[in-house]
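For reference, the structure discussed in these notes is given below.
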Amino acid sequence: VAFSPNGDATKVIIMAIAAAKKQILVQAYGFTSQAIITALGQAKARGVDVEVILDKINKSVRYSGASYLKNHNIPVWIDDSVAIAHNKIMVIDNDSVISGSFNFTRSAQQKNAENVLIISHAPGLAQLYARNWTWRKSVSHGDN
């Protein structure tokens, strides 16, 4: 568990991404944390399957991680079938889940009161989150 502002939230997320061996599924509302975005790119470069679903706000904000991800061959889908796709989760290796209020943004780390929880060695829970991720992908459209 980690908290912000100015706690270890971004750090614990990056550590979990760095430990991934097979797959990372991401759902994000805000997605501008360069450190997290870079960590996902590095995971992809070492052979981890990384896929991302973002809220439609990421098409209109001045900077979103979507461009970086696409440039690193990471598939990105936009979930605009709901008013707000407000999920902030990662499913790692069908075994761990990252969740909480923490948006994957610089503001969440430095300015907001947020929390992040990483639940490891929980394949049943990870499967539930992955199933929801797959459903949200099915109603999203590619931004590749």
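The values are calculated or read from the model by the stated rules, or taken from the named source; none is laboratory data. Predicted, not measured: the structure shown is a model, and the values here were computed from it. All Cβ positions, glycine included, derive from the backbone under ideal geometry; neighbour counts span all protein chains shown. Surface areas here come from the heavy atoms of the whole protein model, side chains and all, with no ligands, DNA or RNA. Shrake-Rupley method; radii C 1.70, N 1.55, O 1.52, S 1.80 Å.
Computed from phi, the 3J(HN,Hα) profile of region 21-31 under the Karplus parametrisation 6.51, -1.76, 1.60 (θ = phi - 60°) reads 10, 10, 8, 9, 9, 10, 10, 9, 8, x, 8 Hz, with x in place of Gly and Pro. Here the chain exposes an accessible surface that is 54 percent carbon and sulfur, computed with a 1.4 Å probe and the other protein chains kept in place. Taking a ≥ b ≥ c as the square roots of the Cα gyration tensor eigenvalues, region 13-56 comes out prolate, since a/c reaches at least 1.5 and a/b is larger than b/c.
When you filter the chymotrypsin sites (Phe, Trp or Tyr not before Pro) in region 7-64 for DSSP loop state and at most 16 other Cβ atoms inside 10 Å of their Cβ, you are left with Y63.
Remark: spin-label model distance H86-N73 equals 3.7 nm, labels positioned 7 Å along the Cα→Cβ axis. Taking packing as the residue-averaged number of other Cβ atoms within 10 angstrom, the listed peptides 127-134, 103-110 run from highest to lowest as 103-110, 127-134.
With Cα atoms as the point set, the radius of gyration and Dmax of region 79-133 evaluate to 12.5, 34 Å.
Above 24 Å, the calculated P(r) of the chain contains 22 percent of its Cα-Cα pairs. In the context of the full set of protein chains, residues of the chain present 49 Å² of accessible surface per residue (probe radius 1.4 Å, heavy atoms only).
The reciprocal of the average 1/r between distinct C-alpha atoms defines the Kirkwood hydrodynamic radius, which for region 1-79 equals 12.9 Å.
Packing around the peptides 88-98, 6-16, taken as the average count of other Cβ atoms within 10 Å per residue, puts them in this order, highest first: 88-98, 6-16. Label reach from A35 (point 7 Å along Cα→C-beta): in region 92-112, amide nitrogens under 12 Å belong to 105-111. Could you work out [θ]222 nm for the chain from helices alone, using -39500 (n - 2.57) per DSSP H run of at least four and dividing by all its residues? Round to the nearest 500 deg cm²/dmol. Calculated from helices alone, the mean residue ellipticity at 222 nm is -10500 deg cm²/dmol. In straight-distance terms, cross-link reach from K137 covers every one of the lysines whose alpha-carbon lies under 24 Å from its own, apart from those fewer than eight places away in the same chain; here that gives K21, K22, K44, K56, K59, K70, K88. Other residues lying with their Cβ under 15 Å from the Cβ of G7 contribute a combined charge of +1, Lys and Arg counting +1, Asp and Glu -1.
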